Each structure stands twice: as structure tokens, then as C-alpha cells.
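Below: the structure, in C-alpha cells.
Quick note: the coordinates plus some simple rules give every number you see, no bench work behind them. Bear in mind the structure is a predicted one, so any value in this text is a computation, not a measurement. A quick note on method: Cβ atoms are made from the backbone with ideal geometry, for glycine too, and the neighbour counts reach across all protein chains shown.
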């Protein structure tokens, strides 16, 4: 895939990047020149990969560790990105979980956890980042 450097200089926060779709999004954004903040829940889990990805694409890919269901931690992380970069241009809410039981068999605690990750945390992150983006006037 050829790069157009469409995201050159854009600051992007991507959640759920330790594997799969999230990891692919980071790699593609880095190819396009973005400054990427790659989120994972597990400390140190993406350090090596994020450094390699940044070097390969001649940009910066920073690992940022927080559980998206921890409102205080996610707000702190977003504010640290703003402090370091002075702006955030893109948010990709990729983190998510799923339960593969039949609807009638899903345990209530699993259902609540899915709702917290897939709905509540996503909305909270959108609220925080969109407020900051609206102040940027772009």
C-alpha cells in the first residue's frame, strides 16, 4: 500500500492496540505520518512494537497505558497527550470486548463489563477528547 502522508503531523489516540485491528490501525496511521498514541491496558506490552513501528515509518508511536473503563486514568492520559502535543486531531475508539455465549446464557457481570467497555468508556473518551478538539478550532 502506498503512503500519501495524509496524516503527517496529526496527533492520533487509538485504543485497544495490543493486537488485531487496533495494531493494524496504528501501523497504517504511522505509514501515513501520524504521531500515534497507542493505548493498551497491560503495562509494557507494546513498548518494543511501538518503537519499531515509529522507526520503520519515520514518525513517533508512543505507548500509553490505561484501562479505558478507569475514567480518572483515561482523562489523565488524554491531558498528558495534550500537554505534550498541544492538540489531538484523531480519536479511534477501537477497544472492545465481546462475550460469545447465547443471549440467554450471558452472565450479568459479563454483560455489565461489556457495556462498560463498549459503551460507557467509549462515550466518556469521546466527551473528553471532543471538548479538547472543539477548543482547537479545527
Given the options 24, 40, 99, which has the most mean-square fluctuation in a GNM of the chain, springs set between C-alpha atoms less than 10 angstrom apart? 99
Determine, for each peptide in 112-120, 100-108, the mean count of other beta carbons within 10 angstrom over its residues, then list the peptides with the highest first. 112-120, 100-108
As I understand it, the value is the acute angle between the Cα axis of helix 20-31 and the longest principal axis of the Cα atoms of the chain; what does it come to in degrees, rounded to 10? 10 degrees
Give me the angle, in degrees from 0 to 90, between the Cα long axis of helix 71-85 and the longest principal axis of the Cα atoms of the chain, rounded to the nearest 10. 10 degrees
For helix 47-56, what angle does its Cα long axis make with the longest principal axis of the chain, in degrees from 0 to 90 and rounded to 10? 40 degrees
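In percent, how large is the relative contact order of the chain, given Cα pairs closer than 8 Å and 6 or more residues apart? Intermediate values should be presented prior to the final figure.
Details: 210 pairs, mean separation 33.2, N = 138.
Normalised by residue count, the contact order of the chain is 24 percent.
Stokes-Einstein diffusion coefficient for the range 1-55 at 37 °C in a medium of 0.692 mPa s, Rh from the Kirkwood formula over Cα pairs: what value in µm²/s? Before the final figure, lay out the partial values.
Numbers: Rh = 11.2 Å.
In µm²/s, the coefficient rounds to 293.
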Candidates 126, 35, 68; GNM for the chain (alpha-carbon contacts under 10 Å) flags as most fluctuating 126
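Provide 69, 59, 4 in ascending order of the number of other Cβ atoms located within 10 Å of each residue's Cβ, fewest first. Walk me through the intermediate numbers first.
Working: 69 15, 59 20, 4 10.
Lowest to highest Cβ neighbour count: 4, 69, 59.
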